[in-house]
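Following: one structure in structure tokens, then a few remarks.
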Amino acid sequence: MKKDPHDNNHISTDDIDLFRQSISGAKAFKQDTIRFTNKPKVSQAKQFSQQKKQHQSEFFFSDEYVPDIDTHGTVSYVKPGHDSYLAKQLRRGDYVPELTLDLHGLNKELTKDELAGLIHECKKQHYYCACIVHGIGERILKHKVPQYLVQHPDVIAMHQAPLEFGGKGAVLILINLPQSDEFRR
């Protein structure tokens, strides 16, 4: 006959005595768990990194500067001193973006930070081409993103993305990467 696991009333007195003998030397231990009431502080290195990123985005991307590029039609820009053929190559899709940044739902201030972060990451990872999807919507970012990108010294070319990368709702950019001694030969 099986015992009912929910029936605890039938424990024999021998079992209770045996249990008490086995724990006779046990002592209650002191609770020493520490509970933090304040949030942990952000490390100085991380705080400095955030300030540097914010400073870079404010320095490079001004709302007051309006470059002489047409943002109402097809966006096309090549930095002076670089081959104008780069814009045509971007238009044809000769360059495939290695990173894509989606700006849907962001305001202008967050967009500046994200653009600065994208360009920094491209340089860090040695990515030459990136795609920025700004969407169409109310056309605020569609007009502002190219104006911001023209201001950045590391953006050497940009063009409205081909359809497979976003069409009128995106731009492709080329980043000026530092050349190492290995590539200069």
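The values are calculated or read from the model by the stated rules, or taken from the named source; none is laboratory data. This is a predicted model, so every value here is computed, not measured. Backbone-built Cβ (ideal geometry, glycine too); neighbour counts: all protein chains shown. Calculation scope for accessible area: heavy atoms of the full protein, side chains included, ligands and nucleic acids excluded. Shrake-Rupley method; radii C 1.70, N 1.55, O 1.52, S 1.80 Å.
Sum up the charges of everything whose Cβ sits under 12 Å from the Cβ of residue 169, counting Lys and Arg as +1 and Asp and Glu as -1, but leave residue 169 out.
Combined, the nearby Lys, Arg, Asp and Glu give +2.
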Percentage relative contact order, region 77-185, counting C-alpha pairs under 8 Å, at least six apart: 33 percent
Under a Cβ-Cβ cut-off of 15 Å, what is the net charge of the residues other than residue 137 that fall near it, where Lys and Arg count +1 and Asp and Glu count -1? +3
Contour minus Cα-Cα span, residue 177 to residue 124, at 0.36 nm per residue, comes to 18.2 nm
Rounded to the nearest 10 Å², the accessible area of residue 112 using a 1.4 Å probe with every protein chain kept is 20 Å²
Once all protein chains are kept in place, residue 165 shows an accessible area at probe 1.4 Å, nearest 10 Å², of 50 Å²
Sort 94, 14, 63 from largest to smallest accessible area, using a 1.4 Å probe on the heavy atoms of the protein chains. 14, 94, 63
